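First the structure, in the form of structure tokens, and then the observations on it.
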Amino acid sequence: MSEARQFNAIGRRVIRPDGVDKVTGRAAFGADYTLPGTIYGKVLRSPHAHARIVSIDTKKASRMPGVLAIVTGADFPKVGSEEITGGEGAGDYKDLATNVMARDRVLYHGHAVAAVAATSVAEADAALAAIKVRYEKLRPVMDIDTAMADDAVVIDEQLFTSGLPEKPSKPSNVATVMELKRGDVEAGFAAADIVLEGTYRTPTVHQGYIEPHACLATINQGGQATVWASTQGHFDVRSGAAKVLGMKVSDIKVIPTEIGGGFGGKTTIYVEPVAILLSRRSGRPVKMTMTREEVFRASGPASATKCVIKIGAKNDGTLTAMSAWLAYEAGAFKGSSMAPGAMCVFAPYKVDNFLIRGFDVLVNKPKVAAYRAPGAPQSMYACESLLDELAGKLGMDPIDLRLKNAVEEGCQAAYGPKFNAIGFRECLEAAKRHPNYSVPLGPDEGRGVAAGFWFNAGMQSSAEIHINEDGTVTVIEGNPDIGGSRASMAMMAAEELGVPYERVRVQIADTESAGYTNTTGGSRVTFATGMAVIQAARDIIGQCKQRAASTWGIDGDMVDWADGKAIPKPGVNADVKPLTLANIASNAARTGGPLLGRASLNARGAGPGFSVNFADVRVDRETGKLDVLRFTAIQDVGKAIHPSYVEGQLQGGAAQGIGWALNEEYVYNKDGVMENAGFLDYRIPVASDLPMIDTQMIEVPNPSHPYGVRGVGETPIVAPLAAIANASCAATGVRIRDLPLSPPRVLAALEHAAS
Amino acid sequence: MASVFFPDHLAQYTHGRREFDVNVSSFRDLLEWLEVRYPGISEKLVGRVAVAIDGDIIHDPFLETIAANSEVHFLHRIEGG
Amino acid sequence: MAKVHVSTSVNGQHTEFLCEPNESLLDVLRENLQLTGTKEGCATGDCGACSVTIDGTLVCSCLVLGVEIAGKEVGTIEGIAKGDVLHPIQQKFLEHAALQCGVCTPGLIVATKSLLDSNPKPTEEEIRYYLAGNLCRCTGYDKIVRAVQDAAQTMRGKRA
């Protein structure tokens, strides 16, 4: 239960414990590890977007200087179809294995076909060039409309659409359909004073983490592997690699390195099983890193989408009906973020009648992976844009329109359950009052508002706490630190134990040293792993009270814990001095042995996060360029454990959302080859593109967490897309529904409007 | 009586029925109750869906208690990114 | 092709190494010299994670050949702190939480030092344009700019 209390450690802006290593270059990321004898693995990738593999000849390559191992799909075990019990991807281990290394077909340009390990990168590259692959080209399917057409080339002849009342007779590129509904939409639209409809498209985009995928794998002759991997979830690397290679889970140890960004894109595996196999064949440790080009072409971008939204409302702004038709590209294998996209699209609003239909669609592009609130940015971009059009038509302030229909505690969410305590209204009201909302606008400038939402996850976490003999505290947990979570864990342990933050050290332990812990993602670490750390601390406190009781010769239930010390309860007649952690720990051998606290849990009660963003943009009518003048991100964060790092999530997510709206897209040629596979032409925001990003943290505590924590990491990317698009419309006078709003498109739209 | 809700994509396992009123005190009991009426349904649900009990979303529930007027919603599992 | 022997100075230390003629300075630093603080983000000069200075000029080490630094003075992230004393830029990055994952941070700190050495009192716009070649995907640049502004003020104070 959340307690309204004064905190000592929580809420301060402490220096993070891994900070010094990160500002001095000492922190070791995936590509920074080497063992004696390390050799280098490189992957041969398909030059075609869709083709049958006729033959692979590696004879010449295997004889080349420095080459110690070559593998193809034939060297991997056959993996049966088995659902990956993870999240919304509805992925299958067979697909995962086939994505790691193609078997009989290549399904996207860049799909891995073979891999070589050699004593230098140059030798490995030379060997790749000597591998002869014969392909029979097939017609690639590159977009939703083509993939869903009746006469579409079917990418997987064994795939029959699931989710329909009856299994279809013909295979399809539509892997899954899903429907959510409430009430009677037709009646709802009929009762409306105004009905609007719009079709919105978003492109394939990439998470854009600055550190490419990297790992170092070594396996001994007994079959025990050790892998250093840059990953958000080393337990998932272990389980994925075990499935792909047919190994026992206990034979793979994964050590998480520092990770240079993930945002969901590093919650799966690409090169890790390949490196293990190459290590087995060569007898040497194998280092594999992706180039930036490989990251774009062959990791997991976010789904391109086509979303059709229809909204009916009364003249006073009350929503009467909403419908959504949402098609998400899954890439080469089924499992896009269509389901969460469908569950989020109308989540902020009270509406009695809605119908949402979602489609998971195969195309010959890389298999999509999670990207920060997966699915929500795309569908909510569409809905928040149409709501803006509605506000305009009704002459209503866009915030007022949302206030009129905002969900609150006790409302039934569009995806089913009733909301517990949430802060959407509070964010809307804060936005209205915010000084930035009344900054006057000049010519060619416009302001846009949008709402954002994400469920936030709970899932499994483990934590251990050791009290060292000098009373310092070691916290062992299993979540790679992508945003400052080591600091938050230390602060929560310090708060609970009543000791200074500086006396707590957090270790992110490998898969053999930490208890099983789900991935760093889903905005779950501060919430769920934080809960485990707090529970482990309470376990320690319980033990310390017992130890103190034994030391004093009184009963355990006569001891209290306060300010980091065991003291007799008020009224207990005992002439004793308080015992600190250091006192108890240094005496531990005599009172029962080392002090070890632990907790493991399957967290429930993750609180959803709502946000409201507004942006001011100015258009240059000669070039079509949109400049972001001001950006304000307001979000219900539950309880900010470390305010600077919570602000950092709001600002970082905003920057990604702005990039998604303004510039980022995969550009494909007619052969299904990405033409802009580099940071020059896949343009993410740079420092000169953005203003200061103003944040306001609203704290509506989550009653299910001891400190009121609500996940904060993912919600920030959702609202910026429509906030920018709505601002652009206000600035230009022209509504563009397809992202990105890059200068050529804005210019074309302006010229079209003028003609 | 607890109210139990199935979204459309899971209602295929309950012959289209989306709402139930059930007298059970734990999620395990709910699964047993459903299995009696729709043999084979547990396999489709266990390890594959998430459940919200009174607004709290849980992956892999089993031992969770269900109160007399709880609301139980079956949902897609959402992991995030 | 035979390796080339290069004699140079890195962070003030005389350094010698052998490298292929076509090896980048980035690879030389990371592989031959085991100075892994400089990072590879793209190897095409677009992200700035590999930023170093050569004779005081800020460059992307992925766009420089190892053989080109013969006789020159190379400055990397490892040379910014002096022993166990952090440079004010490093200290301000920590205080302002101007890093999340930290992979772009070495490049940004090297670039920031290069900026402040040549322009001790930059405007916000000057900071943003100077650092436009250093991509960060985590922070949105807000806290980075504030850290640079604060570092500039501290460094001006120290000089005074």
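Every number in this text was worked out from the coordinates using simple rules, so none of it is lab data. From a predicted model like this one, the values you see are computed outputs, not experimental measurements. Counting neighbours? That spans all protein chains shown, and the Cβs are built from the backbone with ideal geometry, glycine included.
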Volume per residue that the Cα convex hull of the range A:598-647 spans, once the total is divided by residue count, Å³: 147 Å³
A:LEU629 long-range amide H proximity, modeled H, under 5 Å: A:ASP616, A:VAL617, A:ARG618
In range of the label at A:ALA149: residues from the range A:670-706 whose backbone nitrogen is under 18 Å from the point 7 Å along Cα→Cβ: A:670-673
Inter-label distance for A:GLU512 and A:THR85, nm, one decimal - labels placed 7 Å from Cα along Cα-to-Cβ: 2.6 nm
Under-5 Å amide H pairs with A:TYR668, H placed in peptide plane, nonlocal only: A:GLU675
Estimated distance in nm for a label pair at A:LYS248 and A:GLU197, the labels positioned 7 Å out from Cα along Cα-to-Cβ: 6.0 nm
For the range A:102-231, size of Cβ-based charge dipole, Lys and Arg +1, Asp and Glu -1, in debye: 580 debye
³J(HN,Hα), Karplus 6.51/-1.76/1.60, whole Hz, each residue of the range A:738-755, x for Gly, Pro: 9, 8, x, 8, 6, x, x, 6, 5, 4, 4, 5, 5, 5, 5, 5, 6, 7
Whole-Hz couplings from phi, Karplus 6.51/-1.76/1.60, listed for the range A:182-197; x for Gly and Pro: 8, x, 9, 5, 5, 5, x, 5, 5, 7, 7, 7, 9, 10, 10, 9
Stokes-Einstein diffusion coefficient of the protein assembly as shown, Kirkwood radius over Cα pairs, 37 °C, 0.692 mPa s, in µm²/s: 112 µm²/s
Entries in A:LYS94/A:LYS137; A:LYS248/A:LYS306; A:LYS565/A:LYS639 that, when Cα-Cα distance is taken, lie over 30 Å: A:LYS248/A:LYS306
A:VAL439/A:LYS625 FRET efficiency (R0 22 Å; Cβ-Cβ; nearest 0.05): 0.60
Estimated vicinal HN-Hα couplings, Hz - the range A:158-174 in sequence order (Karplus 6.51, -1.76, 1.60; Gly, Pro = x): 9, 9, 10, 3, 9, x, 8, x, 10, 5, x, 8, 10, x, 8, 7, 8
Sparse-neighbour loop sites [GluC sites (Glu not before Pro); the range A:22-128; at most 15 other C-beta within 10 Å; DSSP]: A:GLU82
The range A:292-347: trypsin sites (Lys or Arg not before Pro) in DSSP loop, at most 15 other beta carbons within 10 Å: A:LYS314
Extension reserve of the A:ASP21-A:LYS78 stretch, reckoned as 0.36 nm per residue once the Cα distance is removed: 16.3 nm
Trypsin sites (Lys or Arg not before Pro) restricted to DSSP loop in the range C:1-74 with at most 14 other C-beta within 10 Å: C:LYS3
Chain A: relative contact order as a whole-number percent, Cα under 8 Å and 6+ apart: 15 percent
Cross-link reach list, lysines versus C:LYS3, counting only Cα pairs under 27 Å and skipping chain neighbours closer than eight places: A:LYS42, A:LYS60, A:LYS287, C:LYS39, C:LYS72
Relative contact order computed over chain C (Cα-Cα under 8 Å; 6+ residues apart), in percent: 23 percent
Set of lysines with alpha-carbon distance to C:LYS158 below 28 Å, sequence-local pairs under 8 removed: A:LYS22, C:LYS82, C:LYS92, C:LYS113, C:LYS121, C:LYS143
Whichever aspartates and glutamates have a C-alpha closer than 16 Å to that of A:LYS432, once near sequence neighbours (fewer than 8 apart) are set aside: A:ASP388, A:ASP397, A:ASP400, A:ASP616, A:ASP636, A:ASP694
Radius of gyration and maximum dimension Dmax of chain C, Cα, Å: 15.7, 53
Long-range amide H partners of A:SER337 with built H, under 5 Å: A:SER303
Inter-label distance, nm, simple model (7 Å from Cα along the C-beta direction), C:ASN119/A:THR38: 3.7 nm
Chain lengthening between A:ALA187 and A:LYS132 when straightened (0.36 nm per residue, less Cα-Cα): 13.6 nm
Percent RCO, i.e. relative contact order, over the range A:1-122, from Cα pairs under 8 Å lying at least 6 residues apart: 37 percent
